[in-house]
Amino acid sequence: MRISELTEVGRVTATIDTQLRQLLEALPVGAYACDPEGLITSFNQKAVELWGRTPRLNDPTDRWCGSFKLYSADDGTPLRHEECWMALAIRTGVPQNAQEIVIERPTGERITALAHANPIRDAEGRLVGAVNVLVDISDRRRAEETQSKLGAIVESSDDAIIGKTLDGRIVSWNAGAERIFGYTAEEAVGRPITLIIPPERLDEEAGILAKLCAGERVEHYETVRLTKDGRRLDISLTSSPIRNAAGRVIGASKVARDITEKKRDEAERLRLVDELKDADRAKNDFLATLAHELRNPLAPLRNSVEMLQRSGQPTGPIRLALGVMDRQLTHMTRLIDDLLDVSRITQNKLELRKERMELADVLRAAVEASRPLLTERGHDFGVDLPPEPIVLDGDLTRLAQVVANLLNNASKYTESGGRIRLGARRDGRDAVITVRDSGIGIPLDAQGRIFEMFTQVDRSLERSEGGLGIGLHLARQLVAMHGGTLSVHSEGAGRGSEFSVRIPLPAAAATRPRPERDPAQALPHTSLRILVVDDNRDAADSLALLLGLPGNEVHVAYDGLRAIEMADEVRPDVILLDIGLPRLNGYATAERIRQQPWGKPIILVALTGWGQEEARQRSQESGFDAHLVKPVDPAALMQQLSQLPRAEG
Ligand code: ADP
């Protein structure tokens, strides 16, 4: 070969070399070459980036590979450089393609690469070295790892997680779905989602799909789905759109949670609440009936005692016994009345008769009612009233009942000779009544409880002062019905107690004192013709006896029809008519009497155990002039009879 030819060959070789070099640099992967000894003869910039370092060319300290450290991609064990794929390809002369390896950079960062190490042979087939192409697949590996983690989560979920296409074909079905719906993944994948939708719910799917196509989620939608064995399950469904890389919705994922148990628990809870409500209602009804039934026998008893007390001058043990009976009857009446009132309040049947009045009247009435107990125990009792009158709107009887209750308690729970103070004052826009005692006090932890029904601090018999534990409950309710509050303050056991009633004053508290009443007015002497009608013979007879004492002419009937006959016979001035009567009830009896020409001027008084407004209304409509609630206080009754306009004539 001539020199010029040689020069030409050299030039061509150099050109190819440059082109190869450029090609190598342009590759998006790392590439390097080694000689048969493993010395690195060339590498591109991508390989340097991959290794995170620049190896020395043709240097025995950098053999087989330019990486800092190497690890097996299978189990992460460290590899020596002579164990790498390049070394294997050179040693065996066999290409090593698509083999994974983990490379550690000097910074400690690890990357996963695919090695393609291929031996190079000369024309005679002798091995002259090898090239290795390294492709960084770290991102792909990471994505695969994430996916397999997610896959594991999906698989281990208790919820059913289902993927479906937009035309409703199931594409994935996890173990939760298998468990909940009974189909295996093989059975479900590829089939329409309607597989688990009951026929009557098929319409839902269109609505859900429309939302998903609009890119919206459907969350915690409670519905019913069908299992393989035909059971209907209550489930809560959350559905989200699945988008492709371009962001277009291409399917949906559904997470379904079996809420059958939750629903069952909920239903059970509601059932229990209903049961409790029923039990509470039954208890209230029972208490109302009990109080009502207990109260009926009290009327004849009270009448009889009163009659015995008035007939002649009882002396010695009889007078004593009558006193005992009188006091015990009063006590029992008070207990039963409290019980009745509580029942009425719980049944929303207690109505206040509000009027404008002076606070002092309330206190006076309360003290009057509690005087016997206060006197009996010999307490040091005093009242502190403000000099100016305090006027308020309220039900005088009910407010007096509240204060009397507090005074009775103060007296019950304060040792004989202890100190009890009743006070009243104006505090801003409120009237405040306080009952303070030096008694046994109330432990702090019990102070919240004592206003609850049937609560007593100390139930032990030796400490019991009698009572049902409803007084404070009732008092608080009555005060609340006036828009006010009842609270307690006690430093603790043995340190006395103070109860405060706070009632808002009317906006413009005009001072308009009521005319003075004289409770001690003497019983009037009347001479009326009275017909008493009651099917409780004891009640009728005893009331008749009592009414006969001051000079009245009294007749008795035990049923409605007989009452009409007798009224026609004796033409009474007044008929005291019970409502619950055999043969003809009180209302009908009153109506018939009113229809008679002789019946018009008669004063008709209804006597019933029921004091509600409806009953009053009803008796008014039936032609009654007055409506009295049993047990009637005979003195008050006679007082009223003497004041009736038509009775005067
Ligand atoms: P009762 O007096 O019938 O038991 P109450 O509802 O009136 O029912 O009172 C509830 C409980 O509050 C009483 O049993 C008693 O333990 C406590 N209590 C009420 N008033 C006082 C008071 N002034 N001093 C100490 N304890 C009281």
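The values are calculated or read from the model by the stated rules, or taken from the named source; none is laboratory data. In this text the structure is predicted, and so the values were computed from the model without any measurement. Positions of Cβ are backbone-derived with ideal geometry, glycine not excepted, and every protein chain shown enters the neighbour counts.
Of the residues in the range 18-36, not one is in contact with a Cys (Cβ under 9 Å, 6 or more places away or on another chain) and among the aliphatic types (A, V, I, L, M).
Given the criteria within 7 Å of the ligand (Cβ to nearest atom), part of a loop (DSSP other than H, G, I, E, B) and at pLDDT 80 or above, does residue 492 qualify? The answer is no for residue 492.
Out of everything in the range 441-457 that is of a type in the set (Gly, Ala, Ser) and in a loop (DSSP other than H, G, I, E, B), what residue ends up being nearest to the ligand (Cβ to nearest atom)? Checked the range 441-457; the qualifying residue nearest to the ligand (Cβ to nearest atom) is 441. Screening 351, 358, 275 for residues that are modelled with pLDDT of 85 or more, among the charged types (D, E, K, R) and surrounded by fewer than 16 Cβ atoms within 10 Å (Cβ to Cβ) leaves exactly one candidate, 275.
Residue count for the range 532-567 under the criterion of being within 55 Å of the chain's Cα centre (by Cα), at pLDDT 90 or above and surrounded by fewer than 20 Cβ atoms within 10 Å (Cβ to Cβ): the result is 3.
Per the conditions (1) surrounded by fewer than 22 Cβ atoms within 10 Å (Cβ to Cβ); (2) of a type in the set (A, V, I, L, M, F, W, C); (3) in contact with a helix residue (DSSP H, G or I) (Cβ under 8 Å, 6 or more places away or on another chain), the sole criterion not satisfied by residue 440 is (3).
Residues 51, 85: which one is free of Cβ contacts under 8 Å to residues at least 60 places away in the same chain and over 21 Å from residue 119 (Cα atoms)?
Details: 85 fails: over 21 Å from residue 119 (Cα atoms).
Going through 51, 85 in turn, just one is free of Cβ contacts under 8 Å to residues at least 60 places away in the same chain and over 21 Å from residue 119 (Cα atoms): 51.
In the range 98-118 there is no residue matching the filter, namely being buried (at least 16 other Cβ atoms within 10 Å of the Cβ), outside any strand (DSSP E or B) and of a type in the set (A, V, I, L, M). Within the range 565-591, residues that are in contact (Cβ under 8 Å) with a residue 40 or more places away in the chain have Cβ atoms under 6 Å from residues that are among the acidic types (Asp, Glu) in these pairs: 578/534; 581/535; 581/559; 582/535; 582/559; 586/578, counting only partners at least 6 apart in sequence or on another chain.
Kindly list, by first and then second residue, each pair from a residue in the range 389-416 that is under 14 Å from residue 480 (Cα atoms) to a residue that is more than 16 Å from the ligand (Cβ to nearest atom) and in a helix (DSSP H, G or I), limited to pairs with Cβ atoms under 6 Å and residues at least 6 apart or on different chains. Hits for this filter: 399/362.
Would you please list the contacts, defined by Cβ atoms under 8 Å and residues six or more apart or on different chains, that run from a residue in the range 225-254 that is within 14 Å of residue 167 (Cα to Cα) to a residue that is part of a loop (DSSP other than H, G, I, E, B) and among the small types (Gly, Ala, Ser)? So the pair list comes out as 241/215; 249/215.
If only residues of the range 405-435 that are within 16 Å of the ligand (Cβ to nearest atom) and within 36 Å of the chain's Cα centre (by Cα) are counted, the one that is surrounded by the fewest Cβ atoms within 10 Å (Cβ to Cβ) is 434.
Give the residue that is nearest to the ligand (Cβ to nearest atom), with candidates limited to residues of the range 385-396 that are part of a loop (DSSP other than H, G, I, E, B) and of a type in the set (A, V, I, L, M). Walk me through it before giving the result.
Pass one, the range 385-396, residues part of a loop (DSSP other than H, G, I, E, B): 385-390, 395.
When the remaining residues are screened for being of a type in the set (A, V, I, L, M), the result is 385, 390.
Numbers: 385: 21, 390: 24 Å.
Residue satisfying both the conditions and the ranking: 385.
The condition of being within 36 Å of the chain's Cα centre (by Cα) and either away from the ligand (no atom under 13 Å from the Cβ) or modelled with pLDDT of 90 or more (or both) holds for only one of 460, 464, 487, 438, that being 487. For the range 397-438, residues that are hydroxyl-bearing (Ser, Thr, Tyr) and part of a helix (DSSP H, G or I) total 2.
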